[in-house]
Amino acid sequence: MINIGVLGTGYVGLVTGACLASTKTNIVTCMDIDDSKIELLKEYEMPIYEQDLELLVRQNCHDYRLFFDWDIPGCLDTFDVIFIAVGTPTAADGSVNLDYVQSACNMIREYCTSRKVIVMKSTVPVTTHEKMEDWLGHKHTIISNPEFLREGTAVYDFTHGDRIVVGTVDGMPDPIMKAVYTDHLDKVIWTDNASAEMVKYASNCLLAAKLALWNEIAVLCGETGANIHDVKTGVGADSRIGPRFLLAGPGYGGSCFPKDTRGLHQMFTEHMKGTKYGKLIKAVIDSNDYHKSQTFRLLWSATLNSWRADMKIAIIGLAFKGGTDDVRESPTHALLEQMDNQLADYETVVIDPVATELPETRKPVELTTDLVKGLKGADVVVLMTEWQQYKNIDIGFVKSLMRGNIIVDARNMWSRAECERNGLVYYGIGC
Ligand code: UGA
């Protein structure tokens, strides 16, 4: 049996802990300094919305393979392996704030009397493992094990992911980590600590770059009469590129791509001072920031000639993507803020099945989970989040609820032809 402790029960720590506990030879304790969160988890109250997570937690707790504890000093020394899954937010200068990582290391240094395997799960800049050696007093084995889970499908991704990257000091397989991942050994890629840390940034930043360029190409399609759907079919057929991750949208958001692109840029600034390297990732960041206003620009031009004093704008989706309640860097937040700053006299309702956190705006914004209530009397419907339950909705029904006839589809989720057949005027991103 491997006795595993997970420090930090945010999205990464909780999903990782719950999934690792499914391996029959692992016993996992998820810990957090927030005792109220731990008490709620003991009652199976999930702090985040994530498909299948509650069921998995219930099952593994029931089988005595998953536990929750807030007494970190009291239990740290009982584990063979300690995963660190604390937050690594962006600091004011764009760098990654490692304060929580350092405090986790300090606790391990203080409360562990025997040598442990310390697994870094949080996303940290390349070379962080060297700092951790100092913080941990050179007494423990440091493993770099980045996560590649997508919010909304994280539990599925844990068992069906493409790879598990494990970085060790010499790049050689570690026997305890082999035991931890015994059910998924065929997916493990062994490497050194720095390379493992870099795999995470390189993966997220390549995906972010792909999307940023793709969104620019989609906007250009709109200007030139090309259709992004057909362009996607043609481009995605090239096996070197592939059809996945080519859905034009309102700009990428979430806690990962924005943070990791900034983090990589900061690493270029730090390690490659005086060179021109790092400009490309900066361009990706700037492009996405600019593109996050594209939905507002579309809304503006769509309503220019039909604006009325009591305009009702219904926005479908608050979360940064479908399947999650996470609103961090959500394009809907950006849109609501732009509307608040630049438009007068309108009513807004946001429809989202799970997300609830609105940005601070001067004008009130109504929030509902009820699609019919939200769409009723709307002059404009703006589609911001690709919630699958709204994908195949009857467009005629949508039209029957609306007062106006404008659809701004920032996810290219509905069909222009179907909208037009139902008397709607359709604006998409390049289609
Ligand atoms: C991303 C990575 O995909 C995960 O592998 C990684 O583990 C995670 O970050 C992380 O670092 O923790 P996530 O942010 O949950 O996962 O979501 P994605 O599905 O990758 O989407 C990211 C953003 O791109 C979202 O705003 C999404 O709407 C957008 N997107 C994605 C598109 O606009 N079009 C696409 O075709 C795909």
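Pick from Thr368, Thr348, Thr332: which is more than 21 Å from Leu247 (Cβ to Cβ), buried (at least 22 other Cβ atoms within 10 Å of the Cβ) and in contact with a strand residue (DSSP E or B) (Cβ under 7 Å, 6 or more places away or on another chain)?
Thr348
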- [ ] List every residue pair whose Cβ atoms lie under 7 Å apart, where the two residues are 6 or more positions apart in sequence or sit on different chains, the first residue falls within the stretch 270-288 and is on the phi < 0 side of the Ramachandran plot, and the second residue, located anywhere, is of a type in the set (Ser, Thr, Tyr) and not in a loop (DSSP other than H, G, I, E, B).
- [x] Ile281/Thr261; Val284/Thr261; Ile285/Thr261
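Here's a check for you: in the stretch 137-148, which residue that is assigned to a loop (DSSP other than H, G, I, E, B) and within 16 Å of the ligand (Cβ to nearest atom) is nearest to Gly161 (Cα to Cα)?
Looking at residues that are assigned to a loop (DSSP other than H, G, I, E, B) and within 16 Å of the ligand (Cβ to nearest atom), I get Phe148.
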Open item on the list: Any residue at all in the stretch 154-167 that's touching a Phe, Trp or Tyr at 6+ places or on another chain (Cβ under 9 Å), in contact (Cβ under 8 Å) with a residue 24 or more places away in the chain and away from the ligand (no atom under 13 Å from the Cβ)?
Closed with: yes
TODO: Tell me, please, whether a residue that is surrounded by fewer than 17 Cβ atoms within 10 Å (Cβ to Cβ), hydrophobic (A, V, I, L, M, F, W, C) and more than 11 Å from the ligand (Cβ to nearest atom) can be found in the stretch 201-214.
DONE: yes
Open item on the list: Residue under question is Asp134, and the condition is that it be more than 16 Å from the ligand (Cβ to nearest atom) and assigned to a loop (DSSP other than H, G, I, E, B); does it hold?
Closed with: no
- [ ] Could you look through the stretch 124-167, keep only residues that are among the polar types (S, T, N, Q) and surrounded by fewer than 21 Cβ atoms within 10 Å (Cβ to Cβ), and pick out the one that is nearest to the chain's Cα centre (by Cα)?
- [x] Thr153
Task: Some residue of the stretch 352-364 being within 12 Å of the ligand (Cβ to nearest atom) and closer than 25 Å to Gly10 by Cβ - done: no
TODO: Could you grab me the full set of residues in the stretch 1-46 that are in a loop (DSSP other than H, G, I, E, B), away from the ligand (no atom under 16 Å from the Cβ) and within 20 Å of Glu357 (Cβ to Cβ)?
DONE: Asp34, Glu45, Met46
Open item on the list: Filter the stretch 371-395 down to the residues that are surrounded by fewer than 20 Cβ atoms within 10 Å (Cβ to Cβ) and either on the phi > 0 side of the Ramachandran plot or among the aromatic types (Phe, Trp, Tyr) (or both) and list them by number.
Closed with: Gly377, Tyr390
Task: Flag if Ala314 is more than 22 Å from Asp289 (Cβ to Cβ), assigned to a loop (DSSP other than H, G, I, E, B) and away from the ligand (no atom under 11 Å from the Cβ) - done: no
Task: Flag for Phe245 being on the phi > 0 side of the Ramachandran plot, of a type in the set (A, V, I, L, M, F, W, C) and within 16 Å of the ligand (Cβ to nearest atom) - done: yes
TODO: Give Phe268, Phe320 a once-over and let me know the one that is within 16 Å of the ligand (Cβ to nearest atom) and of a type in the set (Phe, Trp, Tyr).
DONE: Phe320
TODO: Tell me which of these Asp345 doesn't satisfy, since it passes every other one: (1) within 16 Å of the ligand (Cβ to nearest atom); (2) on the phi > 0 side of the Ramachandran plot.
DONE: (1)
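Taken together, the values in this text are just the output of simple stated rules run on the coordinates, not laboratory data. The structure presented is a predicted model; accordingly, all values stated were derived computationally and were not measured. Neighbour counts run over all protein chains shown; Cβ positions are idealised from the backbone, glycine included.
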